[in-house]
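The values are calculated or read from the model by the stated rules, or taken from the named source; none is laboratory data. These numbers were taken from a predicted model, which means no experiment stands behind them. When we count neighbours, we look across all protein chains shown, and the Cβ atoms used for this are built from the backbone with ideal geometry, even at glycine. Note: areas computed on protein heavy atoms with side chains; ligands, DNA, RNA excluded. Shrake-Rupley method; radii C 1.70, N 1.55, O 1.52, S 1.80 Å.
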Amino acid sequence: MMQTITPRQLRQFYDDGKELAVFDVREEGVYSRDGHLLRVSNVPLSVLELRVPALLPRKTVRIVVCDGGEGLAVLAAQKLQAGGYADVSVLDGGTPAWKAAGGRLYTGVYVPSKAFGEYIQHEDAPPEVTAAELDAWMKSGKDLVVVDSRPLAEFRRNSIPGALDCPSAELPYRMPAFVKSPDTTVVVNCGGRTRSIIGAQVLINAGFPNRVYALKDGTQGWKLAGLQLNHGRSEAVPLPPEADKAWPLQAAERVVRRFGIRCIDLAGLQRLLTDAARTVYLFDVRSPEDYEQGHLPGAMHAPGGQLVQATDTFIAVRPSVVVLTDNDGVRATMTAAWLAQMGHQEVYVFAADTAACNERNVPRGALLDGSRLCADTVSATELKALLDAGQAQFANLDSSLQHREGHIPGAWHVVRSRLVDQLPRIPATPLLVFGAAEEDLARLAAADAAKLQQTPVKVLAGGTSAWVAAGFSLETGDERMTGAADDLNYRALDRKDNVEAAMLEYLKWEVELVEAVASDPDFGFVRFPPLP
């Protein structure tokens, strides 16, 4: 029998101070639209086996699974139990029961992090500049640098003309060597508000001597002002030369003093990692390129800006121990300061030397124990021949947005957790081939499909990337969707209609979040006094 708990019992779990992970296993779009708890990680049932090992490194941790009452939580809990997790419960009645018991629900994604950005704006008040003011500065020839604090992939989608990419944890590390004049004004932007605010304030906290502003409302504010965005750009602020790291190191020391950041040595780290009674997360917070060139064995990649922007997608267990690492302590320290202010009570910095960062291979994500994978594959060339001959159909498991932006011609978009309803909508052929950017997702889905239908199944080795690498074309658009495109929380600029209204609604939601969470018992942000 599956163990269930009431909302009242879950409230007691939150308050007792013991380790707890709460998962909401609905698809991201449904989770965002219909409302969810504050202290929860969204781990859709579709990708549960892919995400759980990193989020729950300890098999005896206490876990509560919830949904919107659809029954997905029971399926997820069964998988967790089969995977060896010993303490799994389902929230009886899901989020509707939580709300009926007086608990609050929140729409949107990354709610704790988004609320934290507004909290920092309220408490620290980094200077802001509007899109119209920035445009006027640019046209006047003012000495300024615009830096986009999002990851490069987001920067490529849309950016302010003339901006350079520099994710927020990298700003105190890269900007001192890049900005040569003390008279240069620095403007930090993101897609909306959070990373603009955090990016500007991290430079201020570090003691950066130049005037720093956050671009109010980011690229959405720029678009709402009637200004044009760039697309497909990749210019970035370069890494500092070794000779120019003195200032970032001094800035890190300043941040350590103000926010009480604790450092840990190798012996201490090893003791933590071998403690079977505690959940420990070890994150390398540097850029993807730095991580791939060499990292500490066992460290998961979590770029510092994204770790702050989407903390609930990296850290599921609270309270837990978080160890941040890089090669000199600068970026890890800046990130640790934010986590400390967000209420994470045990955060350490481990500054690994170059010799210790000797792992070159990016670790392949572990799967939940007991996961069933389809082993039969086809190459892109083989799939092309099958499709041309009408001997196969292709099921695309990438997000609905990725499907819209480019998919194999003739592909059907499916969501793994909905295969029982969606597979019958795909015309019958002698073979059904599954593909996804994460090949293991396709292998999981194909194994599921083999139990639901008689049609033989295989997996496209390498997914759409292999198809493109073989020289075959893609098509775009929303054709052959087997269900609603609510697997994803669409950004306003990714919507097909009512874009301006969606931007205004989103920005209003961000601004109002801090007041919304302030009365929630799980609100736990912490203030640190400035240095004397």
> Is it the case that ARG195 is among the charged types (D, E, K, R) and open to solvent by less than 30 Å² (accessible area, probe 1.4 Å)?
Replying inline: yes
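Just for the range 228-253: of the residues that are assigned to a loop (DSSP other than H, G, I, E, B), of a type in the set (A, V, I, L, M, F, W, C) and over 16 Å from ASP326 (Cβ atoms), which one is most open to solvent (accessible area, probe 1.4 Å)? Before the answer, list the steps.
Step one: filter the range 228-253 for residues assigned to a loop (DSSP other than H, G, I, E, B), giving 228-229, 231-235, 237-241, 245.
Within this subset, residues satisfying the condition of being of a type in the set (A, V, I, L, M, F, W, C) are 229, 237, 239.
Subsequent filtering for residues that are over 16 Å from ASP326 (Cβ atoms) retains 229, 237.
Values: LEU229: 22, VAL237: 1 Å².
Here the answer is LEU229.
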>> As an exercise: evaluate PRO126 against (1) within 25 Å of ARG51 (Cβ to Cβ); (2) in contact with a strand residue (DSSP E or B) (Cβ under 8 Å, 6 or more places away or on another chain) and give the number of the one condition it does not meet.
In response: (1)
> So which of ASP478, ASP494, ASP448 is of a type in the set (Asp, Glu), over 21 Å from GLU154 (Cα atoms) and touching a Leu at 6+ places or on another chain (Cβ under 8 Å)?
Replying inline: ASP448
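What number of residues within the range 144-167 satisfy the criterion of being closer than 25 Å to GLN402 by Cβ and in contact with a strand residue (DSSP E or B) (Cβ under 9 Å, 6 or more places away or on another chain)? If you could, list the steps in order and put the result at the bottom.
Of the range 144-167, the ones closer than 25 Å to GLN402 by Cβ are 148-160, 163, 165, 167.
Still in the list and also in contact with a strand residue (DSSP E or B) (Cβ under 9 Å, 6 or more places away or on another chain): 148-152, 154-156, 158-160, 163, 165, 167.
Of the residues in that region, 14 qualify.
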>> Just the residues that are in contact (Cβ under 8 Å) with a residue 40 or more places away in the chain, outside any helix (DSSP H, G or I) and open to solvent by 20 Å² or more (accessible area, probe 1.4 Å), please, taken from the range 47-59.
In response: PRO57, ARG58
>> As an exercise: evaluate ALA76 against (1) assigned to a helix (DSSP H, G or I); (2) more than 19 Å from ARG416 (Cα to Cα) and give the number of the one condition it does not meet.
In response: (2)
> Out of the residues in the range 254-304 that are of a type in the set (Asp, Glu) and surrounded by 15 or more Cβ atoms within 10 Å (Cβ to Cβ), which is farthest from the chain's Cα centre (by Cα)?
Replying inline: ASP290
> List, please: which pairs have Cβ atoms under 8 Å, are six or more places apart or on different chains, and start with a residue in the range 3-21 that is within 20 Å of LYS59 (Cα to Cα) and end with one that is among the aliphatic types (A, V, I, L, M) and part of a loop (DSSP other than H, G, I, E, B)?
Replying inline: GLU19/VAL61; LEU20/VAL61; ALA21/LEU56; ALA21/VAL61; ALA21/ALA316
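Do you know which residues across the range 305-328 are open to solvent by less than 50 Å² (accessible area, probe 1.4 Å), of a type in the set (S, T, N, Q) and under 23 Å from VAL61 (Cβ atoms)? Spell out how you get there, then give the answer.
Here is the first cut: in the range 305-328, the residues open to solvent by less than 50 Å² (accessible area, probe 1.4 Å) are 305-312, 314-317, 320-328.
With the extra rule that they be of a type in the set (S, T, N, Q), the set shrinks to 306, 309, 311, 320, 325, 327.
Listed by number, the residues that qualify are THR311, SER320, THR325.
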>> Filter the range 6-46 down to the residues that are of a type in the set (Val, Ile, Thr), farther than 18 Å from LYS114 by Cα and surrounded by 21 or more Cβ atoms within 10 Å (Cβ to Cβ) and list them by number.
In response: VAL22, VAL25, VAL30, VAL43
> Here are PRO126, PRO176, PRO172: which of them is assigned to a loop (DSSP other than H, G, I, E, B) and at pLDDT 95 or above?
Replying inline: PRO126
